[in-house]
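Colleague: Structure provided below as structure tokens; questions to follow.
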Amino acid sequence: MKIVSTAVEVQAIAQEYRDNGLKIGLVPTMGWFHEGHLALMKEAGNRADKVIVSLFVNPIQFGLGEDLDNYPHDLERDCKLAEEVGVDVLYAPTKDLMYPGGFSTTVHIEGLTSGLCGADRPGHFDGVTTVVSKLFNQTLPHVAVFGEKDFQQLAVIRQLACDLDFPIEIIGHPIVREKSGLAMSSRNSYLKKDELNAALSLSEGIASGRKLALDKKEVSVQEIKKTVADVILKHPECDIDYIEVVDQATLQKCEDVTSDSMLVLAVTINKRIRLLDNSKIKGS
Ligand code: PAF
């Protein structure tokens, strides 16, 4: 596995792959790999000849008081894991290489970014779309794979690729869960043992919401949201940032539960750890 840190290096490698007719799959990450990341890398490997993984904790997508400074980081560990699943290039730029002095561009997407996580984290999606645009230009991928746990992010990136004519197929990979049901996330590493049950309430809440939709022929959005909230609020450690039922393509709030409705939620544990989860309400 090649490890590079500059845009010039990674772009030259990508261009050489392209000149040799090879298909490139990109997996953008912020590191601290878990099975969820490794699944994205394997998916990219199934869809492309060469896999490039970017590892960059992107400062401009973190707000004041968020966990930028504590974000878990171990390049050596991550390199080993990426190499084990057959990644060809690990691209790990520094902050100064990604955003040199004088950098002054922001990519902003209207609409999709204003609700859900965008409402709680102003500027977050501008940071994501700016860095992902740069990563697309630097690594020249044919396909890029993102996790569905960050459901809004995936919708925003699909919009980005469409609006800015990036000739890249955007693939969403299903959430990878612990045996317990907890959606895998680098932020799970912040959880103390006695916070695990609170964290589990997200997937348990979703399961209750889905069960209600299965059991009752007619179920309202309000009933689903209340059922999920009741499960989560049994844990005093949990603050609900949002529980919403949205259309899976537009992210607009649904008035009725349909086969396209997604249940999406964000919960903060002990004011420190913000966790996301989501699921279709009906079907798999
Ligand atoms: O999902 C993430 O890890 C980040 O938001 C991404 C897409 C790598 C951009 O920094």
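Colleague: Residue by residue through segment 72-82, what is 3J(HN,Hα) from phi via Karplus (6.51 cos²θ - 1.76 cosθ + 1.60, θ = phi - 60°)? Round to whole Hz and write x for glycine and proline.
Modeller: After applying 6.51 cos²θ - 1.76 cosθ + 1.60, I find x, 8, 7, 4, 4, 4, 5, 4, 4, 5, 5 Hz.
Colleague: Tell me, what are the semi-axes, in whole angstrom and largest first, of the equivalent ellipsoid of segment 105-236 as set by the roots of 5 times the Cα gyration tensor eigenvalues?
Modeller: 32, 18, 15
Colleague: Can you tell which of LEU116, LEU233, LEU263 shows the greatest fluctuation in a Gaussian network model of the chain with Cα springs below 10 Å?
Modeller: Taking springs between Cα atoms under 10 Å, the residue moving most is LEU233.
Colleague: Which order results if SER203, SER104, SER208 are arranged by neighbouring Cβ count within 10 Å, fewest first?
Modeller: SER104, SER208, SER203
Colleague: Which three numbers, in whole Å and largest first, are the semi-axes of the equivalent ellipsoid of the chain derived from its Cα gyration tensor as √(5λ)?
Modeller: Ellipsoid half-lengths, sorted descending, are 33, 20, 18 Å.
Colleague: Still on this structure, I have one more. Taking N as the number of residues in segment 1-81, what is its alpha-carbon radius of gyration divided by 2.2 N^0.38 Å?
Modeller: Taking N as the residue count of segment 1-81, the ratio is 1.21.
Colleague: Within the set of other residues whose C-beta is less than 13 Å from the C-beta of SER259, count the net charge using Lys and Arg as +1 and Asp and Glu as -1.
Modeller: Result for the neighbourhood of SER259: 0.
Colleague: When you have a sec, figure out the Kirkwood radius of segment 158-253 from all distinct Cα pair distances and drop it here in Å to one decimal?
Modeller: It is 15.7 Å.
Colleague: Among the listed pairs LYS50/LYS134; LYS149/LYS225; LYS134/LYS280; LYS193/LYS234; LYS95/LYS253; LYS42/LYS149, give every one whose C-alpha distance is greater than 25 Å.
Modeller: Cα-Cα > 25 Å for LYS134/LYS280; LYS95/LYS253; rest within.
Colleague: Between segment 76-137 and segment 181-240, what's the alpha-carbon centroid distance in Å?
Modeller: Distance between centres, Cα-based: 28 Å.
Colleague: For segment 181-232, I need the span (max minus min coordinate) of the C-alpha atoms along each principal axis, in Å, sorted largest to smallest.
Modeller: The Cα atoms of segment 181-232 stretch 39, 17, 14 Å along their principal axes.
Colleague: Add +1 for every Lys or Arg and -1 for every Asp or Glu among the other residues with Cβ under 14 Å from the Cβ of LEU68, and state the total.
Modeller: Once positives and negatives cancel, what remains is +2.
Read the figures in this text as sums done on the coordinates, not as results from a lab. Because the structure is a prediction, the values reported are computed rather than measured. Quick reminder, even Gly has a Cβ in these numbers, built from the backbone with ideal geometry, and neighbours come from all protein chains shown.
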